[in-house]
1. Mind checking which residues of segment A:169-224 are of a type in the set (A, V, I, L, M, F, W, C), out of contact with any helix residue (DSSP H, G or I) (no Cβ under 6 Å at 6 or more places or on another chain) and in a strand (DSSP E or B)?
2. Return yes or no: is B:Glu18 charged (D, E, K, R), within 14 Å of chain A (Cβ to nearest Cβ) and under 17 Å from A:Gly388 (Cα atoms)?
3. Would you be able to tell me the number of residues in segment A:144-168 that are hydrophobic (A, V, I, L, M, F, W, C), in a loop (DSSP other than H, G, I, E, B) and more than 14 Å from the ligand (Cβ to nearest atom)?
4. Going through segment B:24-37 one residue at a time, which ones are open to solvent by 20 Å² or more (accessible area, probe 1.4 Å) and touching a residue at least 12 places away in the same chain (Cβ under 8 Å)?
5. Give me the residue from segment B:1-15 that is open to solvent by 20 Å² or more (accessible area, probe 1.4 Å) and within 29 Å of B:Arg79 (Cα to Cα) and, out of that set, farthest from the other protein chains (Cβ to nearest Cβ).
6. Of the residues that make up segment A:344-353, is at least one crowded, with 23+ Cβ neighbours inside 10 Å, away from the ligand (no atom under 13 Å from the Cβ) and either touching a residue at least 40 places away in the same chain (Cβ under 8 Å) or under 18 Å from A:Arg395 (Cα atoms) (or both)?
7. Mind checking which residues of segment A:8-54 are touching a helix residue (DSSP H, G or I) at 6+ places or on another chain (Cβ under 9 Å), open to solvent by 20 Å² or more (accessible area, probe 1.4 Å), away from the ligand (no atom under 15 Å from the Cβ) and not acidic (Asp, Glu)?
8. Which residue pairs have Cβ atoms closer than 7 Å, lie 6 or more positions apart in sequence or on different chains, and pair a first residue in segment A:249-276 that is open to solvent by 20 Å² or more (accessible area, probe 1.4 Å) and acidic (Asp, Glu) with a second residue that is within 13 Å of the ligand (Cβ to nearest atom) and outside any loop (DSSP other than H, G, I, E, B)?
Amino acid sequence: MKNDSTKYLVIGNSVAAVAAVEAIRETDAAGSIVMVSREPKHVYSRPLISYWLAGKVDDGRMDWRPRSFYEDLKVKAVLGAEAVKLDTSKHVVELADGGRIGYEKLLIATGGTPIVPKISGRETAGVFTFTEWADAERVGSFIAERKVARAVVVGAGMIGVKAVEALAARGVRVTVVELAPRVLAAALDERAAKLAEAAMVNAGVEVRCGAEVEAVVAREGRAAGVRLKGGAEVPCELVIVAVGVVPSVALARSAGGAVEVDRGILVDDAMRTSAPDVYAAGDVAQGREALSGTKRAIPIWPGAFRQGRIAGLAMAGAKVANYDGALVMNSVSVFGLATISVGTAAVAPAGAEVLVSERAEPPSYRKVVIQDGRVVGAMLVGDIDRAGLFTGLIRSGTDVSAVKDLLLTEQFGVLSLPAEYRKHVVSGAGIEV
Amino acid sequence: MKRIYAREEFCLGCRLCEIQCLVRHSKSKKIIKAFRQERDQITPGVMVESAGHVTFAMQCRHCDSAPCLEACITGAMHRDPKTGAVLCDADRCVGCWMCVMTCPAGAVRRGKDQKAASKCDLCAGDKTPVCVLNCPNEAIVYEER
Ligand SMILES: Cc1cc2nc3c(=O)[nH]c(=O)nc-3n(C[C@H](O)[C@H](O)[C@H](O)COP(=O)(O)OP(=O)(O)OC[C@H]3O[C@@H](n4cnc5c(N)ncnc54)[C@H](O)[C@@H]3O)c2cc1C
């Protein structure tokens, strides 16, 4: 890449970056856009890598936008290039190959980087992380070439659970090791996690919670197992480390303090960073969280989309509607058992009221957390249909005191919503922005 | 855009809309056959809700700013550029249920086979959706507001 300059420079090629570019084009049809991405791939969906590895989604379906995307939106795509240095006073980004790109407005949408804990032997062949398509490709080839029969997944969060599912679909026997006392600990409470764990065990997965991997045991330079704290050894030929992601802030930090970074890049409600003309969105950003109002890095897809879109509008000088912050939420199916958790659901805040409804067969567990008359959290396992009714109530901060007794009943629906809020839902305005 | 609106004061709760929706989205397109044989495979896009004596027909609002579109990780959920309808391409859907989690109307449900999301498709561009066409008491209307 030689030297270049553009009106809009977007670092990243995933959901936040794409949402931003689409928003820019709604306002500014002609302004030049350059997208730079470390990965050489066309726009693809990261959450689909486990489905791809399992053979449920083919190469074509990995594309999250049509192949004509860059052309349609008049974007110059520089793929397979890493942005390594930012000079905010000169308005220039430098690439690993030495190329320099000047910008009028910059968006950093570099996402997250997997955390690799200091496990001894983590460099051994057969140890992988699992956040990019290339990771899934490497894992897939490794399974095929080495005829992998057993694997250990370190971490039973969302990404870990998805990796477990994919490996099982490939016929690999999996043990998942989790430090926390339960699976999906950030999203689920004890009862919900029990159901998720049972679904895994039923599928032939060994689940070891409250356990810590101390070392990867190598034989002939390859992974042969992991050793847990306390000495127990779990034999395996493949290890996937999935203990979480941290915002990829290296580029922001390279600006020498001009771009304020906490855990992620700090942004305001228009996704502006502390440096003029520099914006950040998605997993790399740390913006307002809806319920607490404080700035938190929340690595989820819908949040990345919304932030990207807002950043794009703001960069193009369009009006940005009131951003109400990102809401923590996730929907994870565990071997066919659906789980959804929204807001403050796993651990109810002090003084909150908790409503629960349970059924043994087929398993279902539903919980709503109410604080000061408003729903602040919802968790649904099994019976998840219409879960969004709760998400809407949480996001809108609607007072539900009058309909509290209906919330977990069979009939609960739009008709049960408080009148004003119901009018809004029925109107079809959706979310503003 | 034109949307389907319920007039709860006219709704009898007869659920004919649900049945007509099922027939419209069935293979046979025949009411008896669809109801007898395909009922277990099809999730109607419209659902009749009740609270006390009040009943009301509810389906996807095809929101201007649709949360399900933002949440969809596959691109299965998309907006028809011609009609503005929000549609789910069942072939692309992997059943992650992000849409179920985010729809404020609770109008996206899991399909009966639990493989893909299911919702109102405004009868795929028909002039008038069948639920509206067949409501015996004009309790569902299709109009611009
Ligand atoms: C296996 C898996 C399953 C998931 N499932 C779900 C789910 O079900 N629901 C959900 O809400 N979320 C899920 N997520 C999280 C979701 O994928 C992320 O929240 C989302 O991808 C964040 O988007 P982003 O655009 O901020 O960043 P990313 O998707 O991380 O993309 C970052 C982009 O920046 C590029 N890049 C990074 N650094 C540089 C650099 N220095 N120079 C140039 N380019 C760079 C990358 O190549 C990439 O294009 C899942 C994640 C994984 C890994």
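The values are calculated or read from the model by the stated rules, or taken from the named source; none is laboratory data. The shown structure was predicted, so the numbers you read here are calculated from the model rather than taken from an experiment. Using ideal geometry, Cβ is built from the backbone for each residue, glycine included, and neighbour counts are taken over all protein chains shown. Protein only, heavy atoms only, side chains kept; ligands, DNA and RNA dropped before computing areas. Shrake-Rupley method; radii C 1.70, N 1.55, O 1.52, S 1.80 Å.
1. Those that are of a type in the set (A, V, I, L, M, F, W, C), out of contact with any helix residue (DSSP H, G or I) (no Cβ under 6 Å at 6 or more places or on another chain) and in a strand (DSSP E or B): A:Val177, A:Cys209, A:Val213, A:Ala215, A:Val216, A:Val217, A:Ala218, A:Ala223, A:Ala224.
2. It is false that B:Glu18 is charged (D, E, K, R), within 14 Å of chain A (Cβ to nearest Cβ) and under 17 Å from A:Gly388 (Cα atoms).
3. Here the count works out to 2.
4. Selection gives B:Arg24, B:His25, B:Ile31, B:Phe35.
5. Applying the filter and picking the extreme gives B:Arg15.
6. Just the residues of segment A:344-353 that are crowded, with 23+ Cβ neighbours inside 10 Å, to begin with: A:345.
Subset that is away from the ligand (no atom under 13 Å from the Cβ): A:345.
Among the residues that remain, those that are also either touching a residue at least 40 places away in the same chain (Cβ under 8 Å) or under 18 Å from A:Arg395 (Cα atoms) (or both) are: A:345.
For segment A:344-353, residues crowded, with 23+ Cβ neighbours inside 10 Å, away from the ligand (no atom under 13 Å from the Cβ) and either touching a residue at least 40 places away in the same chain (Cβ under 8 Å) or under 18 Å from A:Arg395 (Cα atoms) (or both): present.
7. A:Arg25, A:Thr27
8. A:Asp262/A:Gln286
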